[in-house]
Amino acid sequence: RMVRIQRQKQQLTGLVLDQFLEPAHCLTDKAHAMMEDGVLTHVPPEKCLSRHDEIQNQKTEPSVTFDSQGNLKISKKAADLSCDTTGELKLRQALTRKALAFDQAGLCSFSTLEQWHTQMMHATMRPPPSGHKYVTIQQVLNADQELWSLMSQETRGALRVAIGDDPPLNMHVEALRKSPQILCFMTPLPTTGAVI
């Protein structure tokens, strides 16, 4: 884990990887689990915790499970944590942590996922045509969810990370972020009562 973090710090110059931007261990573990299982799932921004969030809110809850002989076993399970994504800056940081986690797992390069996240945020800032509203944060989050859903279908059973090859999700993110299936989610909607 530390080797991957150090590699990112050396490669991603200009990005300050402190405890607020470094992805939580639980987030990178989710990305690694997807790689091992061969199945992608959508990780919403509120689940893209920072290392700071993880350290400050480390809580455990008692959990009852069965061992291999069928006996009850009481253990402590980490509580399901969420981070604050209210406002564009906190949301953008959560998305950057997501890109860092998937880069660490070798599933998608940081730059490819960040291009998608930048496209999402730019959609909310672009002035809409006359009679239309600005694209909302909810619209771009819906686009992100759809992108991951389609990518999960396309990569099912074929999600492999090989040394020397490009990360397997790079080509899928590049293709889908330009796809009409995704772009339609980020289209300015007409204002109420507007004549088009």
Checklist entry - Helix 2-11: angle to the longest alpha-carbon principal axis of the chain, degrees 0 to 90, nearest 10? => result 30 degrees
Next on the checklist: Restricting to lysines 8 or more places apart or on different chains, can you count the pairs in the chain with Cα atoms under 20 Å from each other?
Outcome noted: 14
Item to check | Taking the convex hull of Cα positions in the chain, its mean projected area over all directions (nm²) | outcome: 14.6 nm²
Checklist entry - Can you pull the Rg over Rh of the stretch 108-178, Cα-only, Kirkwood? => result 1.07
Next on the checklist: As I understand it, the value is the acute angle between the Cα axis of helix 88-105 and the longest principal axis of the Cα atoms of the chain; what does it come to in degrees, rounded to 10?
Outcome noted: 50 degrees
Checklist outcome for this item: Ordering 158-170, 107-119 by per-residue average of other C-beta atoms within 10 angstrom, highest first, gives 107-119, 158-170
Checklist entry - Taking only protein heavy atoms and a 1.4 Å probe, what accessible area per residue, in Å², does the stretch 136-196 have with all protein chains in place? => result 61 Å²
Next on the checklist: Can you compute the helix-only [θ] at 222 nm over the chain? Use -39500 (n - 2.57) per DSSP H run of at least 4 residues, normalise by all residues, nearest 500 deg cm²/dmol.
Outcome noted: -14500 deg cm²/dmol
Next on the checklist: Counting only protein heavy atoms and a 1.4 Å probe, tell me what percentage of the chain's accessible area is made up of carbon and sulfur.
Outcome noted: 54 percent
Checklist entry - After finding the eigenvalues of the alpha carbon gyration tensor for the stretch 1-40, what semi-axes result from the square roots of 5 times each, listed largest first in whole Å? => result 22, 11, 8
Checklist outcome for this item: If amide H atoms are modeled at 1.01 Å from N in the peptide plane, then the residues at a separation of 5 or more from Leu49, or on another chain, having amide H under 5 Å from its own are Ala24
Checklist entry - What ranking, highest mean first, results for peptides 9-17, 183-191, 44-52 when packing means the other Cβ atoms within 10 Å averaged over each residue? => result 44-52, 183-191, 9-17
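The values are calculated or read from the model by the stated rules, or taken from the named source; none is laboratory data. Being a predicted model, the structure only gives us computed values, none of them experimental. FYI the Cβ positions are ideal-geometry reconstructions off the backbone, even for glycines, and counts take in every protein chain you see. Keep in mind that these areas ignore ligands, DNA and RNA; they rest on the heavy atoms of the full protein, side chains included. Shrake-Rupley method; radii C 1.70, N 1.55, O 1.52, S 1.80 Å.
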